[in-house]
Structure formats: C-alpha cells, structure tokens
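Comments concern the structure below.
The values are calculated or read from the model by the stated rules, or taken from the named source; none is laboratory data. All of these numbers come straight from a predicted model, not from anything done at the bench. Here Cβ is always computed from backbone atoms with ideal geometry, including for glycine, and neighbour counts include all displayed protein chains. Note: areas computed on protein heavy atoms with side chains; ligands, DNA, RNA excluded. Shrake-Rupley method; radii C 1.70, N 1.55, O 1.52, S 1.80 Å.
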Amino acid sequence: MKFHFPTHPVSRYVVLALALVIFSSWQQRPDRSELDSLLEKVRRQIDVYALDSANRTLDLALDQALYLGDSNRIRRIYGDRGYILNLTGEYEASITAYKLAYAYAEGLRDSSLMVAFSRSIGLNFQRMGLHAVALDQYLATLELAKNVSDKKIVANLNNSIGVLYQQNNAPDVSMNYLRQALALYNAIGDQEGVAYVYNNMAINFQQKSEFDSCIYYNELALEQKKTLGDLRDISSTFNNLGEIFLDLALLDSAYAYLQEAYSIHRQLNEPESMVISYNNFADYWLKKGDYSRSGEYLDSAAQIIREIQTKELAIKNAALRVQLYEITHRYDRALQTYKIWDSLKTDLFMNEKIQVQELGNMYLLREKEFEKEQVAQQANLFEIKSAQFQTTSLLLGVVGVLLTFFSLITYRNLNTQKQQSKLIQEQNYVIKAQQTEIRHRTSNSLAKIQTVIHTIRRKATDSGTKSELVLAGRILQTAASLERHLYDVEDELEVPLAEYLTGLLDLHRELFRLEKSTTQLTLDCREDIVLPVNQILSLGILLDEWLRNSSKYAFANTQNPQISIQLQEENQVLTLHYRDNGSGLTENQQRRGTGTELIEKFAQDLDATLTTESDAGIHHCLRFKIETKPTQTDV
C-alpha cells in the first residue's frame with residue numbers, strides 16, 4: 001500500500017502542521033522505556049551495594065514517574081528507596097519512604113505489597129528500639145495479611161511479633177505466635193525460618209527457667225543451622241548452649257559447646273566474638289576453681305574491650321572480675337571493680353533511656369513531617385496534572401482547527417474524485433462495448449476464414465496441400481473457441497485455464513460421439529491456474545493435435561479407450577501430462593510430418609521442454625514457465 005502525499009498546497013501545510021503538533025506533544029512526554037531503564041539500573045546498583053548511586057538514580061526516575069503520573073512505578077521507587085535507607089541505617093527516613101510506597105500500593109489495591117511495606121515499617125521501628133510501636137505495626141500488618149496467600153510473609157510476621165512479646169517479658173503470648181510461625185515455615189519448607197523460630201522458643205523457655213525445654217529447642221535450632229551452614233548462626237547457638245550449661249553448673253557439657261563456639265570465633269576472627277568466648281572461658285574456669293586461668297581469659301577479653309568500646313561485654317567482664325576478686329579475698333580490688341561495673345551499667349541504662357526518649361520524640365516529629373510530605377506530594381502531582389491538562393487542551397484545540405480545514409479540503413477533493421470516477425466509469429462502459437463488438441467481428445471473421453479453407457480443401461487435388469489446409473482449419477477452430485471463451489473474461493492476461501480446457505474438451509467429446517467412439521476423456525486441473533492468451537492458445541493447439549492423433553491412430557485395438565490430461569503448477573511452472581492407453585507411437589506418427597512440426601513450433605513458442613514416451617500407450621510431458629502479469633506503476 002502506497003501513501004500519496006497531498007498535492008494541494010493547503011493540504012500539505014495542514015498535514016505538516018498536524019504532524020508538528022503531534023511530534024511536539026510526543027517530545028514533551030518522557031519515554032516510559034527510559035524510566036524502566038533507570039529502574040533496572042537501580043536494581044543493578046543495589047545488587048553491587050552502590051547505594052549512593054542508586055539514590056541519585058532514583059531521584060531521576062521519580063521526576064519522570066511523577067510527570068507521567070505512573071502510580072505503579074512511583075510505588076516501586078519509594079519501595080526501593082525505603083530498602084536502601086534501611087540498609088544504610090537511616091531507619092526514620094526508611095519509614096517515610098515505605099509509608100509513601102504503602103500509600104501508592106493501597107491506591108493500586110495491591111494487598112501483597114501493602115503487607116510487605118507495612119512489615120518493613122515495623123522492622124524499622126524495631127531496629128530503632130521502639131518495640132511497642134513496632135508491635136502495633138506488626139499486629140496491624142498481620143490483620144492485613146489475612147487476605148494474602150503468601151504464607152512466608154505471614155510466618156515472618158508471626159515470628160517478629162513473638163520476638164517483640166518476648167522482649168516485653170510475655171513468653172506465653174510469644175509462644176503462641178512462634179508456634180504459628182513454625183507451622184507455616186514447615187509447610188513451605190523454609191529451613192532458615194524454622195531455625196530462627198526454634199532459637200526464639202529456646203529463649204522463651206530460658207526466661208521461664210524451663211531449662212530442659214530451652215536446651216531441647218536450642219539443639220533443634222543447631223541442627224537446622226548446621227544444615228544451612230552459616231558459621232555465625234552456628235557459633236551463636238553453640239555459645240547459648242554453653243552458657244546455659246554454665247548456669248546449670250554442668251561444666252563438662254558447657255566446655256564442649258564453648259570450645260565449639262571458640263573454634264568458629266577464631267575462624268571468623270571477629271573482636272566481639274572473641275570477647276564473648278574469653279568471658280565464657282573465664283566463667284568456666286572460675287567455676288572449676290582455676291582462678292589463675294580465669295584471670296588470664298578476663299585480661300585477654302579486657303584488652304579487646306578497650307579497643308572496640310562495647311559496654312555490654314565490658315559489664316559482663318567486670319562482673320566476673322568482681323566474683324574472682326571476692327573468691328580470692330582481694331576485696332579492695334573487688335570494690336573498685338564493682339564501682340566500675342555499677343558505673344558502666346548506670347551509663348548503659350541512662351543511654352538507653354535517653355535514646356528511647358529521643359526516638360519517641362523523633363518518631364512523633366517524623367509523623368508530622370510525613371503528613372507534610374504527603375500534602376506536598378499531592379500538591380506536586382496536582383500541579384503536574386494541571387499543566388498536562390492545559391497543554392493537552394491547547395494541543396487538542398489546535399488539532400481541532402487543523403482537522404476542520406483538512407475536512408473541508410478532503411470534502412472538496414472527494415467531490416472532484418467522485419465526478420472523475422463517474423466519467424471514467426462511463427468511458428470504461430464504452431470501451432467494454434467496443435471490445436465486445438471487436439471480439440464478435442473477430443469470431444465471425446475466423447468462421448468465414450474457416451469456411452474459405454474448407455472450400456479450398458475440397459477443390460485441392462494435392463494430398464499434402466489438403467493436409468496443410470486441414471491443419472490450418474483446426475488451428476482456426478481452436479482460436480475461435482478461445483475467442484468465444486474470452487467474451488466473459490475481464491483480463492486477457494489471466495485466462496482461467498481449467499474453464500477454457502473444459503470447453504475445449506467438451507468439443508472433442510462431441511466429436512467422439514459423432515464418430516461413435518467410446519473414448520473416455522478426463523481432465524485434472526486446479527481452478528486457480530491462469531495463463532495469458534498467447535500461452536493458452538499455444539497450449540490449446542498442442543492439446544488439439546494430441547487428441548486428434550490419439551483418436552486417429554491409438555485406439556484401433558483398444559477395448560476401453562481412455563485419455564487423461566493432468567496439469568500441475570508449482571512456483572509459476574506449469575507441467576502438463578497427456579496420457580492415452582492406446583497402441584503407442586505408430587509408424588505414421590513416428591514419421592516426421594506436418595503435425596510433428598506443428599507441435600514442435602508451438603512448444604518452442606511456449607519455451608517449453610517436451611518429452612514423449614511410448615509404453616502401454618502414449619505419454620507426453622510438457623513443462624514451461626507461466627508468463628507473469630506486468631506490474632502496474634502509478635503515474
């Protein structure tokens with residue numbers, strides 16, 4: 001299909017102006033594919049922990065997403081930002097980003113993402129130390145998750161709620177949530193989740209002083225962690241079991257677990273882990289009565305504590321020193337160390353209290369800031385949509401004016417074309433009538449010429465001349481037959497072959513009937529095969545000659561004479577198979593005569609290859625390329 005550019009000057013200007021307006025409008029809008037490329041870039045930057053670069057890329061993506069008003073991508077951007085801020089320890093900012101992501105997920109009615117963002121908010125509160133706020137957030141998220149089919153996120157919520165109740169000294173309530181989490185983790189085959197739940201259950205039983213159950217669940221957790229292969233988790237559980245057995249004064253059992261934890265701590269070579277092992281070995285040797293070795297381990301732990309400045313481990317180290325000094329009757333050293341221990345504990349308590357108060361105040365402040373950010377975000381979106389509406393309205397107005405002009409010009413052109421089409425139709429009618437008249441005259445002329453040839457043939461005395469005249473008459477008869485067939489054919493370059501041959505063979509069947517011949521004549525040809533007139537005429541003359549040869553020479557001694565004609569077309573090459581079940585080539589046919597020369601001439605006109613076989617009858621095979629219709633070009 002070709003596009004014809006308008007030739008009228010006004011039409012050209014209208015089309016160009018319309019294209020310019022549409023192109024300008026399209027250029028002003030950011031490309032969504034570019035936005036998706038930015039989001040994919042963010043994902044890759046997070047994977048390699050390039051968090052600062054990821055934040056800058058998110059800023060660019062957010063500007064484009066806000067302009068497009070694409071809520072789905074805005075939701076994704078805020079979710080990614082919340083995750084990045086959580087990784088960098090900026091928990092308050094992470095909460096703000098996750099709340100915005102939650103608001104967009106709620107607008108999109110995406111329950112799964114609402115649950116995920118709500119849980120992430122609770123996790124940030126938990127890491128900030130606001131356990132009560134985190135617990136409320138988790139409980140609300142769990143209620144929301146009832147309509148979600150994701151069992152893992154429900155299991156994670158139950159586990160997190162169980163830990164918070166544990167930290168608030170409510171072990172029985174904690175166990176209810178942990179059991180639900182354990183059932184879900186087992187159902188989905190999450191071994192890591194199962195290990196953490198076992199560990200949390202052990203802590204609950206330790207709070208309740210149910211040490212047998214505590215040891216049992218710790219050992220279950222240890223088996224799961226060994227399967228997962230995380231050395232830190234494995235060493236933590238070894239250490240927990242060692243400390244429990246120390247508290248129970250089961251020193252031999254305690255030492256085995258402490259030694260396992262220590263071997264992993266040495267492999268990890270982490271300062272805090274080494275302090276934990278040294279403090280526990282000091283406690284073990286103190287209970288065993290080897291005060292010298294206990295003091296050595298306490299000194300080793302104290303040396304690392306001075307470098308890493310960790311108050312929790314320093315408090316335990318000081319408490320063990322107080323016990324050592326009292327047992328060894330060094331009461332003055334015991335008193336001094338006790339004062340240090342009390343000072344450290346007081347500082348730690350006050351710092352935690354101040355931190356909690358600050359976090360509480362900061363949380364309230366962030367709530368207000370979040371409300372302001374939401375209002376600003378909505379205002380920004382409204383301003384962008386207003387600008388888009390004004391631009392769209394202006395463009396639609398311009399397009400409307402241009403379309404009005406274009407419609408008027410098109411209406412005038414259509415009227416002109418309608419008049420021209422009517423004139424052409426009238427001319428075509430006259431031409432068709434003239435063609436019909438010409439064909440009628442041609443057919444009459446062929447009939448007259450054929451009559452003249454028959455008259456001359458009857459008067460001729462030379463047998464060769466008579467044979468030539470008979471042949472000429474048959475050719476004229478075939479041509480006349482084709483001319484009559486062309487009365488109803490619109491395009492002489494595409495004459496239906498099967499239709500023409502059917503008429504030609506009907507003529508020969510009539511001749512067979514007049515000659516009292518029982519010859520059966522069959523045709524196999526697809527109806528969609530078309531040939532130009534020059535090729536179909538040559539083909540008709542060849543068939544006529546073969547049919548007359550078969551009728552004249554082939555069936556003298558044949559009981560059921562049969563002639564079959566099969567035509568096949570493939571890749572614009574036509575193959576004709578002519579077969580009869582007669583006596584094959586006779587001596588008369590083998591001699592080279594006028595008929596043979598005629599066949600060769602018309603085969604040459606077709607530029608065809610011709611083969612003839614004589615075995616239990618005659619088989620002619622003719623192959624030639626069909627002339628294609630010339631391609632018309634627009635003027």
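Take segment 262-333 with all the other protein chains still there, run a 1.4 Å probe, and you get 53 Å² of accessible area per residue. The portion of the accessible surface of segment 227-312 made up by carbon and sulfur, rounded to a whole percent, is 42 (1.4 Å probe; DNA, RNA and ligands excluded). Near Ile529, the amide H atoms lying under 5 Å from its own belong to Leu497, Ala498; only residues 5 or more places off or on other chains count, and H is placed 1.01 Å from N.
For segment 50-106, what is the accessible area per residue in Å² when the probe is 1.4 Å?
38 Å²
Peptides 507-514, 152-159 ranked from most to least packed give 152-159, 507-514, packing being the mean of other C-beta atoms within 10 angstrom over each peptide's residues. Indicate the gyration tensor shape class of segment 52-100 (rounded, prolate or oblate), computed on the Cα atoms with a ≥ b ≥ c the square roots of the eigenvalues: a/c under 1.5 is rounded; otherwise a/b larger than b/c is prolate and the rest oblate. Because a/c hits 1.5 or more and a/b fails to exceed b/c, segment 52-100 counts as oblate. Its alpha carbons give segment 173-212 an Rg and a Dmax of 10.5, 32 Å. Calculated accessible area for segment 139-186 comes out at 48 Å² per residue, all protein chains present (probe 1.4 Å; ligands, DNA, RNA ignored).
What's the long-distance tail for segment 198-340, i.e. % of Cα pairs beyond 28 Å? Roughly 20 percent, once rounded to a whole number.
Rounded to whole Å, the principal axis extents of the Cα atoms in segment 260-341 read 38, 27, 14, largest first.
Legend: residue pairs Lys146/Lys316; Lys288/Lys311; Lys41/Lys225; Lys225/Lys288; Lys152/Lys208, Cα-Cα distance threshold 32 Å; pairs beyond threshold, Lys146/Lys316; Lys41/Lys225.
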